[in-house]
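Where a number appears in this text, it was derived from the coordinates with a stated rule and is not lab data. Being a predicted model, the structure only gives us computed values, none of them experimental. Quick reminder, even Gly has a Cβ in these numbers, built from the backbone with ideal geometry, and neighbours come from all protein chains shown.
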Amino acid sequence: MANSLSEDTKNLLDSFNIRLNKSLGQHFLVDQAALSRIVEAAELSRNDLVLEIGTGIGALTRELCSKAGFVISSEYDKKLIHAAEEYLKGQGNYEIVAGDFLKLDLGPMLARFKDYKSRKVVANLPYYITSPIIEKLIDNRSCFKCMILTIQREVAHRIVSKPGTKEYGSFTVFVNYYCKPKIVSYIPKSSFLPQPDVGSAVIRLDVHEKPAVKVKSEKLFFDVMHAAFMQRRKMLKNAIENAKIEGLDRAKIEEALASSGIDLRRRGETLSIEEFAKLADHLKD
């Protein structure tokens, strides 16, 4: 073997005549210390089933196999699957699933592994489809205890941002409604091959047993929240009215804002998740 993970990766790619495609988000983590921090953040044991998204050459996969009970890893690029299988020789507790992760049916795929009571996601996500992947994972949140994801630094900051900041938006509220997020560490561009144009961060999302706030109607909660951020520079009452949400007119919106104690002149971007819940519940009454 070569002296470093970076050299191992280059040699393996050359031997399989693989040219990386940046448009597919193919930036491979070649920093052993960063890989170790990711795995440590997952707090793995042999009782854990791990889902990885994007096998690459298998560098993270191998680290996961050393700690977890079993690893299911999805990979879109068939050439990389062959390279990863070469790199992972000697590891018996993994399976690579070929295909587009966004099209995979996770329920049946994970149901085959009933012996593992704890399921976690650990993945270095392709940055161009980070949001759709996180949305799919959250839609399937009943399958997982937590998710440890390497993502674009700006997206990580958006997820943990506070009301009133420019990063705060509908994606922030969506993720925080279902999960408790925490940035674990940052990874410099130089840790990847080839180097991406953006910085990276490792974020842990612990799935709430119940949503962060209790609401009478999740649909109305999200409708109101999306309306507020679609016209984030407008006053809240105008943004909600302009969204034409079924059953809501100006009078009902003003009445709900008044009864909830939320100033009609505030902008939606200043509301906390608790305030969105309060407003949605008053609109429901």
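Could you sort the peptides 205-213, 177-185 by per-residue average Cβ neighbour count (10 Å cutoff), highest mean leading?
The packing order, highest mean first, is 177-185, 205-213.
Dipole of region 5-207, Cα-centred, from +1 at each Lys and Arg C-beta and -1 at each Asp and Glu C-beta, to the nearest 20 debye?
Dipole about the Cα centre, nearest 20: 540 debye.
Counting only other residues whose beta carbon sits under 10 Å from that of R266, what net charge do I get with K and R as +1, D and E as -1?
Charge balance near R266 sits at 0.
Could you give the dipole magnitude of region 92-161 about its Cα centre, charging the beta-carbon of Lys and Arg +1 and that of Asp and Glu -1, in debye to the nearest 20?
Charge dipole of region 92-161: 280 debye, to the nearest 20.
If you take the charge dipole of the chain about its Cα centre, with +1 on Lys and Arg Cβ and -1 on Asp and Glu Cβ, which of A243, V122, V175 is farthest toward its positive end?
Towards the positive end, the residue furthest out is A243.
Running a GNM on the chain with Cα contacts under 10 Å, which residue among N17, N47, N93 ends up with the highest mean-square fluctuation?
Of the options given, N17 has the highest mean-square fluctuation.
Using label points projected 7 Å from each Cα along Cα→Cβ, tell me how many nm separate K252 and Y116, to one decimal.
4.6 nm
Among [x] 41, 20, 15; [y] 45, 28, 15; [z] 39, 21, 16, which is the computed semi-axes √(5λ) of the Cα gyration tensor in Å?
Derived directly from the coordinates: [x].
A 21 angstrom limit on the alpha carbon distance is what I want to check against. Which of K136/K219; K210/K244; K79/K189; K67/K117 exceed it?
With Cα atoms farther than 21 Å apart: K210/K244; K79/K189.
Restricting to bridges with both residues inside the chain, how much of the DSSP beta-bridge set is antiparallel, in percent to the nearest 5?
Of those bridges, close to 50 percent are antiparallel.
How charged is the neighbourhood of I183? Take every other residue with its Cβ under 14 Å from the Cβ of I183, and add Lys/Arg as +1 and Asp/Glu as -1.
Residues close to I183 contribute a combined charge of +4.
To the nearest 20 debye, what charge dipole does region 160-214 have about its Cα centre, counting +1 at the Cβ of each Lys and Arg and -1 at the Cβ of each Asp and Glu?
Roughly 200 debye for region 160-214.
Would you please give the FRET efficiency between N17 and K216, computed as 1/(1 + (r/R0)^6) with r the Cβ-Cβ distance and R0 = 45 Å, to the nearest 0.05?
My answer for the efficiency is 0.20.
Summing -39500 (n - 2.57) over the DSSP H runs of n ≥ 4 in the chain and dividing by its residue number, what mean residue ellipticity at 222 nm do you reach, to the nearest 500 deg cm²/dmol?
-11500 deg cm²/dmol
Would you mind ranking T172, T55 by Cβ crowding within 10 Å, fewest neighbours first?
Ascending number of Cβ neighbours within 10 Å: T172, T55.
If R0 is 30 Å, what FRET efficiency do you get for S36 and S142 from their C-beta distance, rounded to 0.05?
Step by step, r from the Cβ atoms, then E = 0.50.
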